[in-house]
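The values are calculated or read from the model by the stated rules, or taken from the named source; none is laboratory data. Every value quoted in this text rests on a predicted model; they were computed, and no experiment measured them. All Cβ positions, even for glycine, are placed from backbone atoms using ideal geometry, and neighbour counts span all protein chains on display. Just the protein is used for accessible areas: all its heavy atoms, side chains included, with ligands, DNA and RNA removed. Shrake-Rupley method; radii C 1.70, N 1.55, O 1.52, S 1.80 Å.
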Amino acid sequence: MCKIKIKTVLFLTVFEIFLMATAAFEETCESDREMEKKCRIHNYKTVKPLLDYFRQVRNELEDSEIKEKKLNELNSDLIEKYHDIVRIHEKFMKEEALLDKYKTKILKGENDLQLCQNKVEELECKFNSQQNNFVILIGQLTDKSINLENCEFQFKNLNSSLIEKDEKIKRFSENIQNNTEHQKTIELQLEQSKTKLIKQDEDNQLCRAEIDTLNKTLLNTLIPTSCSPFGDSDVHQLNVSGVGFFDVLCDSELAGPGWIVIQQRVGGNESFNRDWATYRKGFGAMDSDFFLGLEKIHRITTLQRHELYIHLVALNGSTYNARYDDFKISDEDNGYGLSLGKFDGTIIEDAMRYHEIVKFTTFDRDNDKYDGNCAVDYESGWWYKNCYNCNLNALYGPNLNWWGNDYITIKEAKMLIRPKEAIKK
């Protein structure tokens, strides 16, 4: 009985394993809906005979020990069937994997098919377009063939006209031969005329050169280098070596005839906060505020000795003047340094003396002795030292002044120069 119980336990264990395999097989079958029916039929056909057989064996075992051998045989058969079931399960797993591969291939094939369809549609569009172009080309060829026929007809007409023209050309060639000798005679006459014209042109060029030379000499002789020849107060043209021709404002009212106004502050409409290049060239309008230009002043005062006359009008209306008998400024390389000579005038203090032998300073060219830049602080170019005793280019207000024992705020200022020998005239 003990052996029967052991075998029975073994049988039940194997039966449970078989049920688990069957359940696994059913789960595998359920993963594929298309094969579900087939799996159920197969499961039913496989399991039902075994269950019936197991019931019969169990009954026989309970009744008699004689059936032990048969039970052993059944156990062996059951084990074989279990192995068969395991193999079947493995086979179904492989088939399921293959089915997944097939599904992947099918999806890929569908995608490829869709791409092919898209390409086919694209090719159809191109084909239709080319077909339309082909129809257009056929129409164009038809038109060209008609044009070709017309051209052939025109060619025939032209050919006939060319024959007529050839005959005319022959007649013209005869006339040309007759006129050739006459043409040679005319060419000889033209050559002689050209030679005469060339000689006349050369003579004219020599005359023009002589006239230009005379004009230049005359201009240099007639146009002066100062306002001394003029006895009025107006704008005149001067010709100064190194500068050429330029306009100046002459003044014969303030201090006698022959003065050139080199600086004027009478309106306050012009900014004197300018850079070095502008002060070098000059700026402003001669009917208002202006500065003649450092280079022009340097060139004029280099020609001969000049005197400087400064005319000032204070805020209260009082007028003053200051005179210097040897005024000049140096060249640009030396910063247009200031020289004055002896002082005289109605104003008591010689405020300009503080600025003698000092270079000119602008906001972009700092030549002063100050730690900063006087032109930046006082917004004007001037012969600054550290910084000034007078500044006739300053802004209108307290900075436009003449400094001394008496502080004079200025509303008008003029700087005038003329050759020193003009005083003797």
Discussion item. All but one of (1) in contact with a Cys (Cβ under 7 Å, 6 or more places away or on another chain); (2) more than 20 Å from Val266 (Cβ to Cβ) hold for Trp402; state the number of the condition that does not hold.
Written reply: (2)
Discussion item. Going through Phe155, Phe127 one at a time, which residue ends up being at pLDDT 75 or above and aromatic (Phe, Trp, Tyr)?
Written reply: Phe127
Item to complete: For segment 276-322, name all the residues that are open to solvent by less than 10 Å² (accessible area, probe 1.4 Å) and either among the basic types (Lys, Arg) or assigned to a strand (DSSP E or B) (or both).
Response: Phe290, Phe291, His306, Glu307, Leu308, Ile310, Leu312, Ala314, Ala322
Worksheet item: Does at least one position in segment 64-71 carry a residue that is in a helix (DSSP H, G or I), exposed (fewer than 15 other Cβ atoms within 10 Å of the Cβ) and in contact (Cβ under 8 Å) with a residue 40 or more places away in the chain?
Response: yes
Fill in: Yes/no for Ala394 being within 23 Å of Gly293 (Cβ to Cβ), among the small types (Gly, Ala, Ser) and in a helix (DSSP H, G or I)
no
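State yes or no: is Asp325 touching a residue at least 60 places away in the same chain (Cβ under 8 Å), open to solvent by less than 40 Å² (accessible area, probe 1.4 Å) and either in contact with a strand residue (DSSP E or B) (Cβ under 8 Å, 6 or more places away or on another chain) or of a type in the set (S, T, N, Q) (or both)? Outline the logic, then answer.
Working: touching a residue at least 60 places away in the same chain (Cβ under 8 Å): yes; open to solvent by less than 40 Å² (accessible area, probe 1.4 Å): yes; either in contact with a strand residue (DSSP E or B) (Cβ under 8 Å, 6 or more places away or on another chain) or of a type in the set (S, T, N, Q) (or both): yes.
It is true that Asp325 is touching a residue at least 60 places away in the same chain (Cβ under 8 Å), open to solvent by less than 40 Å² (accessible area, probe 1.4 Å) and either in contact with a strand residue (DSSP E or B) (Cβ under 8 Å, 6 or more places away or on another chain) or of a type in the set (S, T, N, Q) (or both).
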Worksheet item: All but one of (1) part of a loop (DSSP other than H, G, I, E, B); (2) surrounded by 14 or more Cβ atoms within 10 Å (Cβ to Cβ) hold for Ile357; which doesn't?
Response: (2)
Discussion item. Looking at Gly345 and the list (1) touching a residue at least 60 places away in the same chain (Cβ under 8 Å); (2) open to solvent by 10 Å² or more (accessible area, probe 1.4 Å); (3) under 24 Å from Ile408 (Cα atoms), which single condition is not satisfied?
Written reply: (1)
Worksheet item: Going through segment 269-318 one residue at a time, which ones are over 21 Å from Ser252 (Cα atoms), in contact (Cβ under 8 Å) with a residue 40 or more places away in the chain and aromatic (Phe, Trp, Tyr)?
Response: Phe272, Trp276, Tyr279
Worksheet item: Of all residues in segment 259-269, which are closer than 16 Å to Ile410 by Cα and of a type outside the set (Lys, Arg)?
Response: Gln263, Gln264, Val266, Gly267, Gly268, Asn269
Item to complete: Could you please tell me which pairs satisfy a Cβ distance under 6 Å, a separation of 6+ or placement on different chains, a first residue in segment 381-401 that is in contact (Cβ under 8 Å) with a residue 40 or more places away in the chain, and a second residue that is among the acidic types (Asp, Glu) and surrounded by fewer than 21 Cβ atoms within 10 Å (Cβ to Cβ)?
Response: Leu395/Glu379
Worksheet entry | Filter result for Gly335 (within 49 Å of the chain's Cα centre (by Cα) and either open to solvent by 50 Å² or more (accessible area, probe 1.4 Å) or on the phi > 0 side of the Ramachandran plot (or both)) | yes
Practice prompt. Filter segment 92-136 down to residues that are in contact (Cβ under 8 Å) with a residue 24 or more places away in the chain and of a type in the set (A, V, I, L, M, F, W, C) and give me whichever is surrounded by the most Cβ atoms within 10 Å (Cβ to Cβ).
Written response: Phe92
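Taking the conditions exactly as written (among the charged types (D, E, K, R), more than 21 Å from Gln264 (Cα to Cα) and in a loop (DSSP other than H, G, I, E, B)), does Lys369 satisfy them or not?
It is true that Lys369 is among the charged types (D, E, K, R), more than 21 Å from Gln264 (Cα to Cα) and in a loop (DSSP other than H, G, I, E, B).
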Item to complete: Within segment 263-275, identify whether any single residue is under 53 Å from the mean Cα position of the chain (by Cα), within 19 Å of Lys328 (Cβ to Cβ), basic (Lys, Arg) and open to solvent by 30 Å² or more (accessible area, probe 1.4 Å), and answer yes or no.
Response: no
Worksheet entry | Test for Asp377: is it within 43 Å of the chain's Cα centre (by Cα) and surrounded by fewer than 16 Cβ atoms within 10 Å (Cβ to Cβ) | yes
Worksheet item: Does Tyr388 meet the test of being in a loop (DSSP other than H, G, I, E, B), more than 28 Å from Ser318 (Cα to Cα) and either modelled with pLDDT of 95 or more or not β-branched (Val, Ile, Thr) (or both)?
Response: no
Item to complete: Mind listing whichever residues of segment 239-255 are outside any loop (DSSP other than H, G, I, E, B), open to solvent by less than 60 Å² (accessible area, probe 1.4 Å) and touching a residue at least 24 places away in the same chain (Cβ under 8 Å)?
Response: Val240, Phe246, Val248, Leu249, Asp251
